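One structure is given here, and the rest of the page talks about it.
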Amino acid sequence: MSINGILMQYFEWDLPADGSLWTQVKEKAGALAEAGITALWLPPAYKGYDGTNDSGYAVYDIYDLGEFPQKSQTGEVRTKYGTKEQYIEAIEACHKAGIQVYADVVLNHMTGAEMTETVDTIVWRRNSRSESWYCTNEHETIEAWTKFLFEKRGGKYSSFQWNKDCFDGADTNGMLPADPNKVYLFAGKEWDPDTNFDFLNCSDLDVQNPEVIKELKSWGEWYLNTTNVDGVRLDALKHIGPKFYNEWLDFMGSKKQIFAVGEYYDLDNRELQNYLGHITTDKVTMHLFDFPLHERFYLASDQMNYPLKNLLHDTLVSSCPLNAVTFVDNHDTQNRLVQDPGTQAREVKEWFRPHAYAFILLREAGYPCVFYKDYPDTETKEGSLVAVITALMKIRRTLAYGSQHDYVSDLNEIGWTRESVDGRSGVAVVLSKDGSNPITMYVGGSEHQTAYIDVMHTITDPVIIGEDGRASFPVIQGKLSVWIRQDAYTELFIEQEKCE
């Protein structure tokens, strides 16, 4: 029997810019593996526009993993997270602990060019952030920041020259302030076909240019050979057409077997399924983060009349379970210290986060991703969200392997069970918003006359499984209860605590 996997996003927006993250990963890899984490998604490792303060999403030099004194007033070579050497040591530590590592690949919005170039453009506009772009047919000659020199790297690893031919648009005219509702399409170019948005920000990569495609393949091979990562998280899929990633992933998969998950930020599941349909390479299986499911979590936490039975309605995990990476929140949805103008984070409310984590960690479908902000490097306090996630991960790793049965109550409660298999305890889960009535559920005929304990300690009295393998599992209004067999509870949570 294969082990249930758990991915962890090991960063968030508001991490300190002290260069310590790679060292932290190296030190904590063993503990993370012991907790049940099987893969880490690490933040962009290469140099961004703001040097040691950049989160990595404002791309400057994809070959500088913290090795060259670029974008630094003091000559520092590190990125926000550390040096190239520390990054590779962190990956090696993860591998030694049995954890895979996925690199965050951000290609489209390059910024920080050293020089401008004169470019003839066609102006595109939109009336607001929520509306679509339209072509004005206005021609304007601009100074575009498209000449990247990388002088302090001196051509090491690649001598490729990035210039205006490598891009199809830009968001600013020289030193003028950017207008969020105005962008410039370079004359003779077109926005990437089959994309949902015409443009994101900074300089828009022309992935229809054969030389650009060749360079990004060369870089991808270099990155695999240099870092030995096991997979990639692909940023902003909406803004680069699937034709490019189909070709790029096919090339990458021919060099090494890798995992791939993409950020296609859309709440319409049809859009996600459509994108998956365009990825036809047989070298790599494409996965997507299930943003429609996250939206259901947010609505359930924010609107008391939102029915729990709708959590799976029109989600990727319900339509394409083998391609869905499920999550409660990530850096794109979290409330953070510096929020993009005009955006509103839809972070799942605190009271519902235990419910949501139980939903992604204890069900059959989907590859769950735990968020660093919810599972930070801090002491676990009884009753905290960290303690809840720790308990749920233990149960996922050791018990949640049997067939699943779903139950819905009319009183805005839902439940499901994972049957007992191979002598393991079954698992029974009940989520409540408005109701507090028990739900009768089946955990397996072999479980008759056994006692089940609520790991969340919401209910103190045990439940005895009937002769037919069923029992009535209670829950308190607005709370989560997770039930396992009493002997399994003792082994997982009492005896292990004594050993610790």
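What is the angle, in °, between the Cα long axis of helix 210-227 and the longest principal axis of the Cα atoms in the chain? Nearest 10 is fine, range 0 to 90.
Relative to the chain, helix 210-227 is tipped by roughly 50 degrees.
Arranged from highest to lowest average of other beta-carbon atoms within 10 Å per residue, in what order do the peptides 322-329, 432-439 appear?
322-329, 432-439
Which loop-located chymotrypsin sites (Phe, Trp or Tyr not before Pro) does segment 359-426 contain, where loop means any DSSP state but H, G, I, E or B and the Cβ has at most 11 other Cβ atoms within 10 Å?
Passing both the DSSP loop test and the Cβ count: no residue.
Estimate the FRET efficiency between residue 163 and residue 76 by the formula 1/(1 + (r/R0)^6), using the beta-carbon distance for r and 41 Å for R0, to the nearest 0.05.
Calculated transfer efficiency: 0.90.
Can you give the angle from 0 to 90° between the axis of helix 269-278 and the longest principal axis of the chain, with both taken from C-alpha atoms, to the nearest 10?
Rounded to the nearest ten degrees, it is 60.
Would you mind calculating the relative contact order of segment 390-500 from Cα pairs under 8 angstrom and at least 6 residues apart, reporting the percent as a whole number?
24 percent
Using mean Cβ contacts within 10 Å as the protection proxy, how do 180-191, 78-89 order, highest first?
78-89, 180-191
Ignoring ligands and nucleic acids, what accessible area does residue 271 show with a 1.4 Å probe (Å², nearest 10)?
For residue 271, the solvent-accessible surface is approximately 60 Å².
Could you tell me the relative contact order of the chain? Use alpha-carbon pairs under 8 Å, at least six residues apart, and round to a whole percent.
10 percent
Given a cut-off of under 8 Å on Cα pairs at least six residues apart, what relative contact order in percent is computed for segment 61-116?
21 percent
Over the chain, average the accessible area per residue using a 1.4 Å probe and give it in Å², no decimals.
42 Å²
At what distance in nm do the modelled label points of residue 408 and residue 152 sit from each other, each positioned 7 Å from its Cα along Cα→Cβ?
5.8 nm
Would you mind computing the Rg to Rh ratio of the chain from its alpha-carbon coordinates, Kirkwood style for Rh?
Rg/Rh: 1.01.
Pairs 164/238; 182/217; 96/283; 80/238; 47/349: which exceed 29 Å Cα-Cα?
With Cα atoms farther than 29 Å apart: 182/217; 47/349.
So how far apart, in nm, are the two label points at residue 349 and residue 268 if each is 7 Å from Cα heading toward Cβ?
Once both label points are built, they end up 2.9 nm from each other.
Which GluC sites (Glu not before Pro) does segment 347-416 hold that lie in a coil by DSSP with at most 10 other beta carbons within 10 Å?
379, 382
With everything on Cα atoms, drop me the angle between helix 385-398 and the longest principal axis of the chain, reported from 0 to 90° to the nearest 10.
Its long axis makes an angle of about 70 degrees.
Please report the carbon-and-sulfur percent of the accessible area for the chain; probe 1.4 Å, protein heavy atoms only, DNA, RNA and ligands left out.
47 percent
Show that you can apply the helix-only estimate: for the chain, add -39,500 (n - 2.57) for every DSSP H stretch of four or more residues, divide by all residues, and state [θ] at 222 nm to the nearest 500.
-7000 deg cm²/dmol
Using mean Cβ contacts within 10 Å as the protection proxy, how do 133-144, 98-109 order, highest first?
Taking the mean over residues of other Cβ atoms within 10 Å, the ranking is 98-109, 133-144.
Any idea how far apart residue 140 and residue 335 come out in nm if each label point goes 7 Å out from Cα toward Cβ?
Computed distance between label sites residue 140 and residue 335 equals 3.6 nm.
The values are calculated or read from the model by the stated rules, or taken from the named source; none is laboratory data. All of these numbers come straight from a predicted model, not from anything done at the bench. As a convention, Cβ positions derive from the backbone with ideal geometry for all residues, glycine included, and neighbour counts pool all protein chains shown. These area figures cover heavy atoms from the full protein model, side chains too; ligands, DNA and RNA do not enter into them. Shrake-Rupley method; radii C 1.70, N 1.55, O 1.52, S 1.80 Å.
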